[in-house]
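A.B. asks: The structure's right below; bear with me while I get my questions together.
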Amino acid sequence: MLPCRIGMRLAILAALGGAEDAKMRSGNILAGLEHEVEHPDEGGTVWTRAERVWPEPKKVVSRKVPPIVQDSLQEADLCFSARAFTACAVMCGRAIEGICVQQGMKKKKTFQLGLRALLDSEVIDQRLFAWGEELRKLRNLGAHATGATVEREDAVDVLAFAHAITDYVYVLTAQFNDFMERRPKPRSKT
């Protein structure tokens, strides 16, 4: 039988100056969320290991991602943390442009043509292309002097997408290729 969640609690994982002091100065705490789960093998319920929820953990960009993309993604994360949502969208667009350049789409003069070339060469699929198009439109609002701004909710989605497409192109593709290399080769019927 699998454990089933029946409760949750917030835990102070670490604090400068002790837990009591942390209650007074919220900027110095590290909080995690624990779940109480039913676990018959343990004779009732147990609490799971706390998962950090505040401040939100820093995203780690894989070392498999080339610097031209990695640097822009890390800067996008910094912009988001600083609540510079328009700048975050612009840096996410720059990261995707970096994918286009690194994947050999250097001759494509625009972000839009680079995305189309990624689709046509099957580096990305139709859904990732559609996401990329929406990111491109939002990035253009921030990159040009239109007076438009990017809202937090949109920046969350754009940043998640930029990380997702990067992981898809560089991490998951390599992992899948490695997996397939380890698979037994089918015997030819002669």
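Please treat every number below as a calculation from the coordinates, not as lab data. Keep in mind it's a predicted model, so treat the numbers as computed, not measured. Please note: Cβ atoms are built from the backbone with ideal geometry, for glycine as well, and neighbour counts cover all protein chains shown.
A.B. asks: Check which residues have an amide H placed less than 5 Å from H39's amide H, if you skip close sequence neighbours.
C.D. replies: It is G44, T45, V46, by chain and number.
A.B. asks: Which ordering of E97, E151 is given by a fewest-first count of other beta-carbon atoms within 10 Å?
C.D. replies: Sorted ascending by nearby Cβ count, the order is E151, E97.
A.B. asks: Please list, in chain and number order, the residues 5+ apart from A31 or on another chain whose amide H is under 5 Å from its amide H, with Hs placed from the backbone.
C.D. replies: L13, V53, W54
A.B. asks: Then there's this: Just rank M105, M91, fewest to most, by other beta-carbon atoms within 10 angstrom.
C.D. replies: Result, fewest neighbours first: M105, M91.
A.B. asks: Longer than 29 Å from Cα to Cα, which of K64/K109; K58/K109; K58/K107; K107/K137; K58/K185; K107/K185 are they? Say none if no pair is.
C.D. replies: Checking Cα-Cα distances, K58/K109; K58/K107; K58/K185; K107/K185 exceed 29 Å.
A.B. asks: Work out, step by step, the length gained on full extension between M180 and A164: first 0.36 nm times the residue separation, then minus their alpha carbon distance; give nm to one decimal.
C.D. replies: 3.6 nm
A.B. asks: Ranked by Cβ crowding within 10 angstrom, fewest neighbours first, how are C92, C79 ordered?
C.D. replies: Listed from fewest to most nearby Cβ atoms, that is C79, C92.
A.B. asks: For the range 123-138, in order, what is each residue's ³J(HN,Hα) by Karplus, 6.51 cos²θ - 1.76 cosθ + 1.60 with θ = phi - 60°, in whole Hz (x at glycine and Pro)?
C.D. replies: Karplus values, whole Hz, x for Gly and Pro: 6, 10, 9, 4, 5, 5, 4, 4, 4, x, 4, 5, 4, 4, 5, 5.
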